[in-house]
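First the structure, in the form of structure tokens, and then the observations on it.
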Amino acid sequence: MLKKLLYIAVLGLAVTSCSEDVMNKINEDHNHPQPGAVNARFQVTDAVISTAYTTWGGAYAWYVSSYTEQTFGTGNNQLMKTELRQRTETAASTTYNNEWNGTYGNLMNIKQIIEKCQEGGLNAGQSDIEGIGQVLWVLCYELLTDVHGDIPYSEALVSKQPKLDKQEDIYKDLLKRITDAEAKLQAAADAGENNCGNQDVLYGGDPAKWLGLAYAVEARLQLNTTFRDNSAYAKAITAAEAAIAAGFAGADLSIFNGVDCDNSWAAYNWSRYYTGANGTVVDLFAERNDPRNDVYAVDEFDTGVAYANAGDEAMAKATETVGYPLWLDNGAAKLHIFSLSELHFILAEAKAKTGADATADFEAGIRASFDDYAEASTVDIDGVDAYIEALGAPTVKEIMVQKYLAQARDEQVQTYNDIRRYKAMGEEYITLKNSNNTGAGQNQWPLRLAYGNSDVVSNPNVAEAFGTGNDAGNYLFTENVWLFGGNR
Amino acid sequence: MKRLFMFFVSCVVLFSAIAQKDFRTVTGTVVFAGDDEPLPGATVIPPDGIYGVITDVDGKFMINVANNVKVLRVSYVGMVTREVEITGEPLLVKMTNADNTLDEVVVTALGMKRERKGLGYAVQDLSAEDLNTDGTTSLASAMQGKLTGVDIRPSSGAPGASSQIVIRGARSFDGNNSPLYVVDGMPIESTADFDTGYSVTGANIADRSIDINPEDIESINVLKGQAASALYGIRASNGVIVITTKRGRFNSNRPLVTVSTNLSAERVSRKFNRQTVYAQGNGVNAYNPGSSMSWGPKIVDLPDDATYGGNGNGHPGMYYNPKRELAGLDGWSTPEIFDNVGDFFNTGFTENTNFNISQRTERANYSFSINNSYQKGIIPSTGMNRWSARGLVDWTVDRQWKVGFSGNYNSTKITSAPGANDGIMNVVYSAPAEYDLKGIPTHVPGDPTQQVLFRSTSFTNPYWWKDNNEYLQHTNRFFGNAYAEFTPDLGLGENYRLWFREQAGVDSYTSNYSDVREMGSTISLAGGEITNYGVSRNVFNNLFTANFTADWGDFSFDAMLGNEVNQDNSRIWEYYGSNFNFYGMPTIGNATNFSSSEYDRQKRTVGFFGSLGLSWKSMLYLTVTGRNDYVSSMPADNRSFFYPSVSLGWVFTELSALKGNNILSFGKLRASYAQVGQAGEYYENYYYVPSYGSGMYGYTPVSYPVKGVSAYVPYYAEFDPNLKPQNTENFELGADLRLFNNRLRLEYTFAYQNVTDQIFAVPTAGSSGYQYTITNAGKMRTTSHELTASIAILQHRDYDMNFGVNFTKVNNKVVELAEGVESIMLGGFVEPQVRAQAGNTYPNIYGTAFKRAENGQLLLADGLPQGTADSQDLGNCSPDFVTGITLSGRYKRLSLSTTWSWQQGGKMYHGTNMTMNYFGATKESLPYHEGTMVVEGIDEATGQPNQIEVSKQDYWMSYNDVTESGIYDTSFFKLRDLTLTYSLPKIMGVDVQVFGFARNVLLWAKLPNFDPESSQGNGNMGGYFERFSVPNTSSYGGGLKFTF
């Protein structure tokens, strides 16, 4: 009998096998790949989509478009509060938290893409992928620093509590990186490399097209620095012309079909109905007898309200009342990472500012915008020739107005930069009309946006910059970012 | 597994032929000591025996016992169990009325039986009679109000609603704080298959304790402190709930059959009564038939409305509502008041029916039962249907061998309703009083995908929801085990005993979930979607122990060595489909877009353990235990952990100076120390396939593959390769006193827990590139005071009255989190959230506060209150203390028992109250619909007292837009249960009990409008965060129980 028990005991111990090897095997994760095993081209796909969807086409743009008055915040909730310039909404660190985290998360992906292309990495020597990574890096960080000012940069993606870097230093590095990317992409194009193929949903992996985008991005960076550096106009022209020479025809994410893959603006619209057409834009269209107004201010709810004037309290509080642009119902519309019209308007502005003839670029910008409006709204918009003719020779003011109108499509973050840049330069080409921009005796129009909540809570460096209690976020209304005249 | 079963089967066959030993017959009479009247129904059984007899109507018994049996144990419900020596003469046993349960043997960790009076730590047990099983299907609800140190937070009164059970405060910030459930010696899974995450969307998901039928329970023993549970090792840091299921009680030559049924009706425990004066609209000047709010003109004035009024417009006394017309009705109607909330809720219904057959014979003990529980929720289309079957056999093969098995099967099907952002309650509560939510058709005539609702159909019409959408949970589960016990004859006499026990069991289940949203659910879900997901789980548990006891006169000694293996295999899947071809068939097959995922996981825990016990003169009891666990789910170098415990009990009334005195009948001091840990879920860092769906999106607009390609990115959480198990150190001190011949009983326990190396997802700054790091950080410290007092106020054969109070005060303090981390999120929205915050008790609410001047006055902007830009601590959730009160009495055949709960202090975020205030829907909003006011406060711009006049509506909306306004005190006092039972005289050999009950009926709460015991989530935030949750219920019912 005892023998039998011993057998049981031995059997028991056999079943209980718990050596490290056995335990390691049990704990293996069969369902997820290890970082080292993933070819960087599989990472490029989401690096592109996230840059467009989260960073440039997400909540930053949705909120900012109320500040730039390119759309009207309605629906009696967050965007109503934004339209009414309620400080709690504007300054809350929670407002942009998803996009803040999403952008840095994407940057972590981009960083690992770049690292894999370096010596010893899985994609060592693939300069096309490295160049793509650098362009996306610059695009993501550009937005972050443009709207937030000083941000974690040199220690970001490394430290758990990275310090803040000065915007001036960040811009220096971004310019350096974009130049580096241009070289890499040029080399890749020359060598006929294409390591991404259809994993690159923007350009099918074509380094030549990426090279065009790299120059376009450089042109925009230069333009953004013109308040600080007057010579930047010339540099912007050089870069923008290089982009055109490289065949840049726009960086438009066109993965959407409106069925199971929706444009971020349409998805947001259908989820919330927070975006209306704004009277500020309608007035500019009306002054120019602009046919684009027909697709911009559309009475979608059959309420007789095709648009609302900036700051209209009743309309901000209304739900499903204020009309909105047609393209917000087109889930298949392209999402801009960098539109062709923007590049032309950069050229036009820089040329006009430096005394060169801007006519051709001005016209090309308008034509690109008309095409874009029409395609996104899936209707024809006629009369661009007559329209251009009626506008006459371009002035800086009209160039900026046309850029403003073109970017009302989905590029409002760059408009927000332009408005702040011109304010810094003491010029004003777009008159903001929202009476809530001042209230309670103080400025309510944010000069910059609040940091993400995750850093305000978990990174003492950001927490200190953001402030606490009654003071939290107050600097957003008083201090410009460095690019536009401030010092942080 | 199969092999082990075969082994048991062969054991059974092998030893069934062994001959019986010699027996003799003992007779006697059992009487009540007070009046020497006979006691029918007393149990007489040899102390180590598994079979016994019951006394007849004259109190007489006759039992066959083995020749070597020297004493008999006599017990009777509510009286002191006695052991009497067999003298050869007929025995006369006098029973005293006094619930002194001290001499009982209690089942402690790993099935070890110990004398209750010698335990060095607190245990609390509940018998079947203590549980309030009528009118509920949930074990948690059956235990509420009965236990000290145990916090039971139900999520709602919905069928299958989860409950969060936490013993002596939390130990994990964001992980599992639920106790381990052990049923008939086998640990089983009790947590929910899926946690509800941040609990802001979707329906509640039942926890798996729903698979335990409360009616099957014979007794529950709650091991609260870590010393009590340390032998269970790594899974036991949250305490253990040891459940023993019902088995045959009395030795008889025929089976005992029990059939019982109870039925009850449920109503909302506290119905929201909204204001019925003002109509739909954004302001008092204009009716707005599309607004979500009720700030419009007075309902009686609707016919005068400039746009929609019928006066002067050919429809005198009427008003126009375009939604009526959209639904195919006449758009013009006369203002009326509708009770939309009352209309929507059904009367719920609960039925529990049980059939049990059991028998205890000299050698065997079996029990078999079948149960059906059926519930229809108060929300239309919700409900639950549970079928279970259970069987167990214990068989004493001979003096050396004992074998047995126990098996439970059940099928649980639950349909539930969503809360928070997907909630339908939002629409029900905010429906304007003049809108006939029930009467107006839910969709455009002829097109069920075009909903009609008083407001934007970004929310779903609740009646449309009931007809079209579904949240289904369906689980099939088997758990059970088989064991063999071998007690070799050592030939050393009765004072030495050695036995081995091998037990193997499985817990195996498959849960299928289906979240169905038909075409037209909301604007963003115009095409509809379905998610079919589930988990299949198989847990194998093997336990082997060797036990030895020795009795050396004044000293007794026991020792145990053992090994346990737990292997857990699970597979999780999800199939998602959207954009149905056509309405009316919301199935995967009818979808046009698909995505799917599968995930499998294995875990193994291997433990080696031992225990030593030494007692002296029934006065001093010392126990030392140790266990070493090896856990697969930790990094390679940190898999092995050792957990010790030591406990000491001193029965000081055994001192000769105190022994036998009538005032202090019994007194014990106890002390214990233990360490137990918790393992984490460690993986090597990996990549995953991302998707886009959070924040402003009401659905997932982009998911991979996209244009035929997929994507991989670094996972947003990072794993610390140096992760080590978290540690809980526990000290416990206590005293048990019995006074006045045991009529007054007091038990007090003080426990101190120090939790270090917490494993949690430390939220990291987004700029680090990750959102979380899974690592060890932070400290939590808990002190708890638990006091139980019970008084037998009246004691008589014919009547009695008992009063009991259990009091718990737990202070669960977050001492520190990771460096630089101020707080971590447990659930909620971007704002507000339930968080763990350093320096606060766990957990607290975190959100925007009012901007205030230094003197505390509101700091106003343009005359209106405003919130801070950052989130702040808005209050601690856990209550100051919780008290359960039981009062019961019996007169002859009629007995009454009541259970009351009193919770003092504690805070919750009540989003429904806050939003309904903001919407102008509450009665509290009534004074603010018209007129202007000057808000008291300081003008932020000038620093001077405010003089700006604002509309009252603007004030009320601004005020109720700041989260601080939605924080409420959760203090309440409620009658949880009242049961009246009448035992009829035996009719034709059948005992019949008739009973009536009411549950959750009287409620006094500080929270306005709603029952505080209704909230979002099935995790650690449960109970503290409410937003359009499914409400709690009261139930009234009765039942019958036949025994023959």
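Computed values, structure above
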read-out: Spans of strands (runs of 3 or more DSSP E) in the range B:17-100 with at least 1 residues at pLDDT 75 or above, within 21 Å of B:Thr361 (Cα to Cα) and open to solvent by less than 80 Å² (accessible area, probe 1.4 Å); value: B:23-32, B:43-45, B:60-66, B:71-75
read-out: Boolean, B:Tyr319 is more than 30 Å from B:Asn262 (Cα to Cα) and touching a Phe, Trp or Tyr at 6+ places or on another chain (Cβ under 9 Å); value: yes
read-out: Index of the failed condition, B:Arg168 passing every other in (1) modelled with pLDDT under 85; (2) touching a strand residue (DSSP E or B) at 6+ places or on another chain (Cβ under 6 Å); (3) at positive phi; value: (1)
read-out: Test: A:Asn269 is open to solvent by 20 Å² or more (accessible area, probe 1.4 Å), among the polar types (S, T, N, Q) and at pLDDT 95 or above; value: no
read-out: Conditions (1) more than 14 Å from chain B (Cβ to nearest Cβ); (2) touching a residue at least 60 places away in the same chain (Cβ under 8 Å); number of the one not met by A:Thr145; value: (1)
read-out: Complete set of residues in the range A:433-485 that are surrounded by fewer than 19 Cβ atoms within 10 Å (Cβ to Cβ), at the interface with chain B (Cβ under 7 Å from one of its Cβ atoms) and at pLDDT 90 or above; value: A:Pro460
read-out: Of the criteria (1) open to solvent by 10 Å² or more (accessible area, probe 1.4 Å); (2) polar (S, T, N, Q); (3) within 30 Å of B:Gln795 (Cα to Cα), which one B:Ser871 fails; value: (3)
read-out: Residue within the range A:179-187 that is buried (at least 23 other Cβ atoms within 10 Å of the Cβ) and within 12 Å of chain B (Cβ to nearest Cβ) present; value: no
read-out: Condition broken by A:Val38, with the remaining ones in (1) under 30 Å from A:Asn437 (Cβ atoms); (2) at the interface with chain B (Cβ under 8 Å from one of its Cβ atoms) satisfied; value: (1)
read-out: Residue in the range B:675-688 that is farthest from A:Thr51 (Cα to Cα), counting only those that are free of Cβ contacts under 8 Å to residues at least 60 places away in the same chain and open to solvent by 30 Å² or more (accessible area, probe 1.4 Å); value: B:Glu684
read-out: Some residue of the range B:324-339 being within 28 Å of the chain's Cα centre (by Cα) and within 30 Å of B:Lys974 (Cβ to Cβ); value: no
read-out: Considering residues of the range B:395-407 that are in a strand (DSSP E or B) and of a type outside the set (D, E, K, R) only, the residue most open to solvent (accessible area, probe 1.4 Å); value: B:Phe405
read-out: Condition met for B:Gly626 (in a strand (DSSP E or B), more than 9 Å from chain A (Cβ to nearest Cβ), closer than 23 Å to B:Asn727 by Cβ and under 31 Å from the mean Cα position of the chain (by Cα)); value: yes
read-out: Residues of the range A:294-320 satisfying the condition of being open to solvent by 10 Å² or more (accessible area, probe 1.4 Å), within 12 Å of chain B (Cβ to nearest Cβ), within 21 Å of A:Asn436 (Cα to Cα) and in contact with a Phe, Trp or Tyr (Cβ under 8 Å, 6 or more places away or on another chain); value: A:Met315, A:Thr319
read-out: Residues located in the range A:360-373, provided they are aliphatic (A, V, I, L, M) and open to solvent by 20 Å² or more (accessible area, probe 1.4 Å); value: A:Ala360, A:Ala364
read-out: Test for B:Thr773: is it within 8 Å of another protein chain (Cβ to nearest Cβ) and in a strand (DSSP E or B); value: yes
read-out: Some residue of the range B:135-158 being assigned to a loop (DSSP other than H, G, I, E, B), modelled with pLDDT under 85, surrounded by fewer than 23 Cβ atoms within 10 Å (Cβ to Cβ) and in contact with a Leu (Cβ under 9 Å, 6 or more places away or on another chain); value: no
read-out: Condition met for A:Lys166 (over 27 Å from A:Tyr416 (Cβ atoms), open to solvent by 10 Å² or more (accessible area, probe 1.4 Å) and touching a Phe, Trp or Tyr at 6+ places or on another chain (Cβ under 9 Å)); value: no
read-out: Matching residues in the range B:684-698 - criterion: being more than 7 Å from chain A (Cβ to nearest Cβ), within 34 Å of the chain's Cα centre (by Cα) and not polar (S, T, N, Q); value: B:Gly693
read-out: So B:Ser694, is it open to solvent by 30 Å² or more (accessible area, probe 1.4 Å), in a strand (DSSP E or B) and at pLDDT below 90; value: no
read-out: Of all residues in the range B:286-308 being part of a strand (DSSP E or B) and at pLDDT 95 or above, the one that is least open to solvent (accessible area, probe 1.4 Å); value: B:Ser294
read-out: Qualifying residues in the range B:707-729 (those that are among the small types (Gly, Ala, Ser) and surrounded by fewer than 22 Cβ atoms within 10 Å (Cβ to Cβ)) - the one nearest to B:Tyr687 (Cα to Cα); value: B:Ala717
read-out: Residue list for the range B:361-388, filter: surrounded by 22 or more Cβ atoms within 10 Å (Cβ to Cβ) and outside any strand (DSSP E or B); value: B:Gly377, B:Ile378, B:Ile379, B:Thr382
read-out: Residue match in the range B:408-428 (condition: touching a His at 6+ places or on another chain (Cβ under 7 Å) and surrounded by fewer than 21 Cβ atoms within 10 Å (Cβ to Cβ)); value: yes
read-out: Any hit, the range B:846-861, residues being more than 25 Å from B:Phe1028 (Cβ to Cβ), part of a strand (DSSP E or B) and touching a Leu at 6+ places or on another chain (Cβ under 8 Å); value: yes
read-out: Qualifying residue in the range B:591-606 (condition: more than 12 Å from chain A (Cβ to nearest Cβ) and either within 28 Å of B:Gln400 (Cα to Cα) or at pLDDT 95 or above (or both)); value: no
read-out: Any chance A:Gly205 is touching a residue at least 40 places away in the same chain (Cβ under 8 Å), out of contact with any Ser or Thr (no Cβ under 7 Å at 6 or more places or on another chain), surrounded by fewer than 24 Cβ atoms within 10 Å (Cβ to Cβ) and not hydroxyl-bearing (Ser, Thr, Tyr); value: yes
read-out: Test: residue in the range B:589-609 that is more than 30 Å from B:Ser710 (Cβ to Cβ), of a type in the set (S, T, N, Q) and buried (at least 21 other Cβ atoms within 10 Å of the Cβ); value: yes
read-out: Top-ranked residue of the range B:318-360 - restricted to ones that are within 14 Å of B:Phe454 (Cβ to Cβ) and hydroxyl-bearing (Ser, Thr, Tyr), ranked as surrounded by the most Cβ atoms within 10 Å (Cβ to Cβ); value: B:Tyr319
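The values are calculated or read from the model by the stated rules, or taken from the named source; none is laboratory data. None of the values given here were measured: they were computed from a predicted structure. Cβ coordinates were reconstructed from backbone atoms using ideal geometry, including for glycine residues, and neighbour counts include every protein chain displayed. SASA here: full protein model, heavy atoms, side chains in, ligands and nucleic acids out. Shrake-Rupley method; radii C 1.70, N 1.55, O 1.52, S 1.80 Å.
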